[in-house]
Structures are given as structure tokens and as C-alpha cells.
Amino acid sequence: MRYIIIGAGAVGGTIGGRLFQAGHDVVLVARGAHLEALDNTGLRLLTPDSDDLLPVPASGGPVPPRAGDVLIVATKSQDTLSALEAWPRDLPVVCAQNGVANEDMVLRRFSQVYGMCVWLPATHLDPGVVAAYGTPHSGLLPVGRYPQGVDDLAHQIAADLTKSGFVAPAVPDVMRYKYGKLLSNLGNAVEALVGHADGMSDLAKQATAEGEAVLAAAGIAHPTRQEEQDLRGNQVDLRPIEGLARGGGSSWQSLARGAGSIEADYLNGEIVLLARRTGVGAPVNEVLQREANRFARDRHAPGSMPVDELRRLIGERSAT
Ligand SMILES: NC(=O)C1=CN([C@@H]2O[C@H](COP(=O)(O)OP(=O)(O)OC[C@H]3O[C@@H](n4cnc5c(N)ncnc54)[C@H](OP(=O)(O)O)[C@@H]3O)[C@@H](O)[C@H]2O)C=CC1
Ligand SMILES: CC(C)(CO)C(=O)C(=O)O
């Protein structure tokens with residue numbers, strides 16, 4: 001099996017780097033300065049306990065096919081389709097991403113799709129450099145066939161990831177896990193907008209509570225908090241890497257890089273979509289989606305919105 005990682009940033013770089021370290025064939029697909037650094041120097045993968053320079057092959061696009069190729073897409077959700085555009089449609093694709101929309105988007109074009117629920121705090125620090133901030137051998141990556149089930153390939157992927165140091169069970173209901181993870185990611189926009197200001201976690205809890213109510217109204221199952229906690233164990237506990245504080249989660253990082261786009265349409269926006277479909281309200285997530293998109297478009301620095309301003313906007317929207 002050869003793992004082709006489409007979007008070798010924080011998550012893709014970490015998964016690809018660990019698979020490579022465990023002896024698997026890996027190709028990292030990247031672009032721009034990141035691709036140049038990967039080509040010239042290799043992938044530098046930092047963890048709390050290690051600092052490795054890995055000569056993982058990299059490419060800017062499709063590579064000559066080989067039997068057993070598997071695509072792992074680890075771009076932000078807004079980049080999924082364009083990143084997969086040039087790849088042969090008979091390849092299996094694993095969506096190692098947050099949100100729950102990628103699998104359907106990919107299934108329109110590729111017939112064999114897998115979901116992966118990604119609990120793996122990581123940062124794309126610089127071109128060619130990624131950091132994974134978990135406990136040693138951390139990262140929880142349940143994987144399964146989309147929309148449900150476990151086939152031989154899902155078992156093989158889970159086994160390869162497990163041998164690479166992840167906790168990676170093959171699960172028959174991967175989307176149930178991904179809906180649970182979606183709830184945890186509704187606070188991404190809060191962190192991106194107001195940073196770690198006082199009041200940030202209350203706003204994130206409001207977004208999550210609203211998300212839970214919307215999933216309940218839509219009849220969508222997700223793990224209970226206890227089940228998720230049991231599964232997570234200490235796999236996603238952040239540990240410091242000396243000299244490298246983690247600024248924030250994946251959406252915060254998009255703003256910090258001035259990326260011009262953010263994943264909010266696929267995180268808070270998923271709750272807004274479901275709320276509209278089921279006829280319930282989702283004012284908190286609506287404001288977070290709108291403001292996060294505005295912040296990304298106007299290239300505001302992460303954490304630069306006063307928390308009172310965000311509270312005011314949510315209050316205003318909730319009152320209408
Ligand atoms: N970071 C984290 O801690 C976690 C992230 N996730 C999820 O994982 C997914 C990936 O996030 P993350 O790793 O943070 O994102 P990153 O931005 O770090 O990495 C995504 C990479 O994809 C690249 N990319 C986008 N389009 C293309 C393309 N057409 N060709 C080649 N490369 C492309 C980006 O390049 P460029 O920079 O040039 O745009 C970037 O390097 C998201 O769904 C996120 O929500 C889940 C759990 C934790
Ligand atoms: C859980 C968390 C916040 C880990 O960083 C994440 O999923 C993200 O950054 O998107």
C-alpha cells in the first residue's frame with residue numbers, strides 16, 4: 001500500500017510523517033514554499049519528545065499510479081474538491097478532516113470513500129515543518145468506510161496507522177464519531193475570533209450546546225460525552241514542545257497564516273445548514289460562521305475581536 005497525502009500540512013504532515021517512520025511508502029502532496037522545502041530538505045516533524053527530519057518523497061500533483069495507492073485528503077474542507085481534481089477517480093480516498101461534508105463531496109467523484117475522525121492537535125509551523133503536540137504516540141484516528149461499515153481496506157488502514165503509533169480503530173459508524181467531533185470544533189471560530197480571552201470558553205460552550213440541540217432536532221447520533229471521553233483517554237492532551245507554544249487550533253492557524261479562507265462553512269455552517277433544514281434556530285453558529293468568514297476574507301489577525309463585540313453580535317442575532 002502507498003499512502004498519498006493530499007494536503008501535507010499539520011494533520012497530513014503528521015500522519016504522513018508517522019506512516020513513513022513506520023516504514024510505509026508515502027508521498028506528500030503539497031504546493032508553494034512548503035513543497036519546495038519538502039523537496040529540498042524533507043519533512044521536519046516535531047513532537048514533545050522528538051525532532052526528526054524525514055526524507056519523505058513529495059509531489060506537486062499526481063504521481064505515476066501503483067497498485068495499492070490510497071489517497072488521504074487532509075486539506076481544509078473548502079479545498080477538498082480542488083485538491084482532488086487531478087487525481088484518478090478509481091482510487092480509494094480517506095477524508096482525514098474535520099466536518100462531515102467532505103465524504104459526500106468526494107463520493108460524487110470517487111466511488112470508494114472512507115471517513116477518518118481526527119483527534120490530533122498539530123500545527124503547520126513553517127514550510128517543511130509540522131509539530132504534533134500530543135502525548136508520545138498520540139492521536140486518535142477512528143476510520144471506517146463511508147457512509148458506514150468496515151471493509152478490508154479500512155482494517156488495513158487502521159492496522160497501518162496503529163503500527164505507526166496512532167490509536168486507530170476501524171469502526172462501522174465513523175460518521176457518528178465525526179458528528180461528535182463536529183460539536184467540539186464549533187468553538188474553533190470563537191478561538192479564531194477572540195483568542196483565549198476571558199469568556200472564550202463560555203461562548204464556545206454556547207456554540208456546542210446549540211449544536212447539540214440542532215443535531216437532536218435533526219435526529220443525528222453522536223457519541224455521548226462520556227463515551228467520547230473514554231475513547232479519547234489522554235490521546236489529545238496537549239503537551240508543550242520546548243520553545244513552541246501552540247497558538248491555537250486549525251481555524252486560528254488559518255487566520256495566523258493569513259490564508260484568506262477558513263473552515264467555518266463546514267463547521268459552524270454545518271449546524272446552520274441542519275438548523276435551516278429542520279426549522280430550528282442557530283443564531284450563535286450563524287454569527288460565528290459569518291464573522292469567521294469575514295475575518296479570514298479581510299485577513300484580520302486571530303484573536304483580535306474583543307469578546308464583548310462577539311457577545312453583542314450574538315445577542316443581537318438571537319434577539320431577531
Ligand atoms: N490542525 C489540527 O490540530 C487539526 C486539524 N484537523 C482538521 O484536519 C484538516 C486539515 O487541517 P490542518 O492540517 O490544520 O490544515 P493545514 O492548513 O495545516 O494543512 C492543509 C494543507 O493542505 C494544503 N493544500 C490545500 N489545497 C491544496 C492543493 N490543491 N494542493 C496541495 N496542497 C493543498 C495547504 O496548502 P496551503 O497552505 O498552500 O493552503 C496546507 O498545507 C482540517 O479539516 C482540520 O479541521 C483536525 C484535527 C486537528
Ligand atoms: C481538537 C482540535 C481543536 C485540536 O486542535 C481541532 O480539531 C482543531 O484544531 O481543529
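Among the residues of segment 176-230, those identified as part of a loop (DSSP other than H, G, I, E, B) and farther than 25 Å from Pro142 by Cα are Gly195, His196, Ala197, Asp198, Gly199. Of all residues in segment 83-99, those that are within 11 Å of ligand 1 (Cβ to nearest atom) and either among the β-branched types (Val, Ile, Thr) or within 16 Å of the chain's Cα centre (by Cα) (or both) total 6. Total residues in segment 1-34 satisfying the condition of being without any contact (Cβ under 8 Å) to a residue 40 or more places away in the chain and part of a helix (DSSP H, G or I): the figure is 1.
Between Glu270, Glu228, Glu309, Glu316, the distinction of being modelled with pLDDT of 95 or more, under 21 Å from the mean Cα position of the chain (by Cα) and not hydroxyl-bearing (Ser, Thr, Tyr) belongs to Glu270 only. Could you list, in sequence order, all residues of segment 145-171 that are in contact with a Lys or Arg (Cβ under 6 Å, 6 or more places away or on another chain), at pLDDT 95 or above and surrounded by fewer than 22 Cβ atoms within 10 Å (Cβ to Cβ)? If the condition is that a residue be in contact with a Lys or Arg (Cβ under 6 Å, 6 or more places away or on another chain), at pLDDT 95 or above and surrounded by fewer than 22 Cβ atoms within 10 Å (Cβ to Cβ), then Asp151 is the only one that fits.
Within segment 141-176, the only residue that satisfies the criterion of being closer than 30 Å to Glu291 by Cβ and either hydrophobic (A, V, I, L, M, F, W, C) or in contact with a Phe, Trp or Tyr (Cβ under 9 Å, 6 or more places away or on another chain) (or both) is Met175. A residue that is closer than 23 Å to Ser250 by Cα and of a type in the set (Lys, Arg) can be found somewhere in segment 62-80.
Please tell me if Glu291 is among the charged types (D, E, K, R), crowded, with 18+ Cβ neighbours inside 10 Å and out of contact with any Pro (no Cβ under 6 Å at 6 or more places or on another chain). It is true that Glu291 is among the charged types (D, E, K, R), crowded, with 18+ Cβ neighbours inside 10 Å and out of contact with any Pro (no Cβ under 6 Å at 6 or more places or on another chain).
The values are calculated or read from the model by the stated rules, or taken from the named source; none is laboratory data. No experiment lies behind these values; they were computed from the predicted model shown. Virtual Cβ from ideal backbone geometry, glycine too; neighbours counted across all protein chains shown.
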